[in-house]
Amino acid sequence: MAEPPTTLRLDLELELGAGPIRGTVHDGVRPAQAFADALELVAAFDAVRGQARAADPPPVQLYMFAGSNAVRTAELMLAHKAIEHEVVGVERGAHVTQLPQLGFSGKTVPALRIGECRIQGTRAIARALDVLRPLPRLFPADPVGRVRVEDAERRGEELQNAARRLYHWALEHVAPSPTRQRTSRHHGATDAAVRRDLAELPGRLDEIDGWIAERLLGGDELNAADFQIAPNVAWLACFDDLAPLLAGRPAVAHAIAVTGASGADVPAAFPREWLPSP
């Protein structure tokens, strides 16, 4: 019988001037890499703190390509804080080699450079922006409120990954090509994963609707979870297959209010028996 994989969980709480920065690194397959990522994150936040205290604000650059929900999250957070920044376009697909050549440790967008500090991933970027410019806050000062926003933000990132898998599976089956097949495999958009994502989608949307009713989302002051979740719900609203499930939901109205309608269209692609009931 195979031994279960080693699991590493690191709970981080860093005092970085704008309040505590908390995060969790959890990796059941590559614990050594997870530990290295955690150390890199600590160093990055420390560098941002030092630059935030400098007399002159450091230059900020956002590395991105169009059409990424994660990039849209970063754009919304930068706009929310009115942080001037330069947009640097990278080529979709080629970005996996371009970003390491530009000094980033990972291969994903959005990638943010603050002075000499390089940060990737929407959740890390949110925390770095609160250090760089504390107000308006992306996370509440109240510890209990902060934990709730962080949890919703994490769930929003899970939704982002699910939406990405659904999109690439649909695209591969509507207009198949070797490139789309490779991209679909890269994102883990297997039949089993997509069926699971579709089955879980009603519960995810119910959860978001509940947060809106509680004013955790869509409150007087938008937070990191608003910006994490809205682009992904707006994107899901573009799927013809999912229109009955999303129709009339507060989650869709919230998404459009925060990020605007996507304007894209994803034709019907999923087998009828995979689709959840509205």
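The values are calculated or read from the model by the stated rules, or taken from the named source; none is laboratory data. Since the structure is predicted, the reported quantities are computational estimates derived from the model, not experimental observations. Neighbour counts are summed over all protein chains in view; Cβ atoms, including those assigned to glycine, are modelled from backbone coordinates with ideal geometry.
Residue count for region 55-101, restricted to those that are part of a loop (DSSP other than H, G, I, E, B), of a type outside the set (Asp, Glu) and either under 14 Å from the mean Cα position of the chain (by Cα) or more than 17 Å from Ala224 (Cβ to Cβ) (or both): 13.
Only one of the numbered conditions (1) closer than 26 Å to Gly218 by Cα; (2) surrounded by fewer than 19 Cβ atoms within 10 Å (Cβ to Cβ); (3) not small (Gly, Ala, Ser) is violated by Asn69, and that is (2).
Filter region 88-138 down to residues that are aromatic (Phe, Trp, Tyr) and not assigned by TED's automatic domain parsing to the domain that holds Arg72, then give me how many there are.
Residues of region 88-138 that are aromatic (Phe, Trp, Tyr), as a first pass: 104.
Subset that is not assigned by TED's automatic domain parsing to the domain that holds Arg72: none.
So the count comes out to 0.
Let me confirm something: among Leu166, Leu138, Leu159, Leu129, which residue is in a loop (DSSP other than H, G, I, E, B), under 18 Å from Ala230 (Cβ atoms) and of a type in the set (A, V, I, L, M)?
On the way: Leu166 fails: in a loop (DSSP other than H, G, I, E, B); Leu159 fails: in a loop (DSSP other than H, G, I, E, B); Leu129 fails: in a loop (DSSP other than H, G, I, E, B).
Only one candidate passes the filter, namely Leu138.
Within region 228-274, restricting attention to residues that are in contact with a strand residue (DSSP E or B) (Cβ under 6 Å, 6 or more places away or on another chain) and touching a residue at least 40 places away in the same chain (Cβ under 8 Å), which residue is farthest from Gly203 (Cα to Cα)? Full working, then the answer.
Going through region 228-274, the residues in contact with a strand residue (DSSP E or B) (Cβ under 6 Å, 6 or more places away or on another chain) turn out to be 238-239, 266.
Those still in the list that are touching a residue at least 40 places away in the same chain (Cβ under 8 Å) too: 239, 266.
Values: Phe239: 18, Val266: 22 Å.
Checking each candidate, the answer is Val266.
Note on region 212-222: residues that are assigned to a helix (DSSP H, G or I) and under 18 Å from the mean Cα position of the chain (by Cα) amount to 0. Here Gly145 fulfils each of the conditions (1) in a loop (DSSP other than H, G, I, E, B); (2) exposed (fewer than 15 other Cβ atoms within 10 Å of the Cβ); (3) of a type outside the set (Lys, Arg) apart from (1).
Only a single item in (1) free of Cβ contacts under 8 Å to residues at least 24 places away in the same chain; (2) buried (at least 21 other Cβ atoms within 10 Å of the Cβ) is not met by Gln101, and it is number (2). Might you check whether a residue that is within 30 Å of Pro134 (Cα to Cα), modelled with pLDDT of 95 or more and within 19 Å of the chain's Cα centre (by Cα) occurs anywhere in region 243-251? Within region 243-251 (the criterion being within 30 Å of Pro134 (Cα to Cα), modelled with pLDDT of 95 or more and within 19 Å of the chain's Cα centre (by Cα)), the answer is yes, since at least one residue qualifies. Consider Val87 carefully, then state whether it is farther than 25 Å from Pro140 by Cβ, among the β-branched types (Val, Ile, Thr), surrounded by fewer than 13 Cβ atoms within 10 Å (Cβ to Cβ) and at pLDDT 95 or above. Considered against the rule, which asks whether it is farther than 25 Å from Pro140 by Cβ, among the β-branched types (Val, Ile, Thr), surrounded by fewer than 13 Cβ atoms within 10 Å (Cβ to Cβ) and at pLDDT 95 or above, Val87 comes out as yes. Scanning region 107-122 for residues that are over 14 Å from Phe65 (Cβ atoms) and either surrounded by fewer than 16 Cβ atoms within 10 Å (Cβ to Cβ) or among the hydroxyl-bearing types (Ser, Thr, Tyr) (or both) yields Glu116, Thr122.
Given the options Ala111, Ala124, Ala141, name the one that is of a type outside the set (Val, Ile, Thr) and more than 18 Å from the chain's Cα centre (by Cα).
Numbers: Ala111 fails: more than 18 Å from the chain's Cα centre (by Cα); Ala124 fails: more than 18 Å from the chain's Cα centre (by Cα).
After ruling out the rest, the residue left standing is Ala141.
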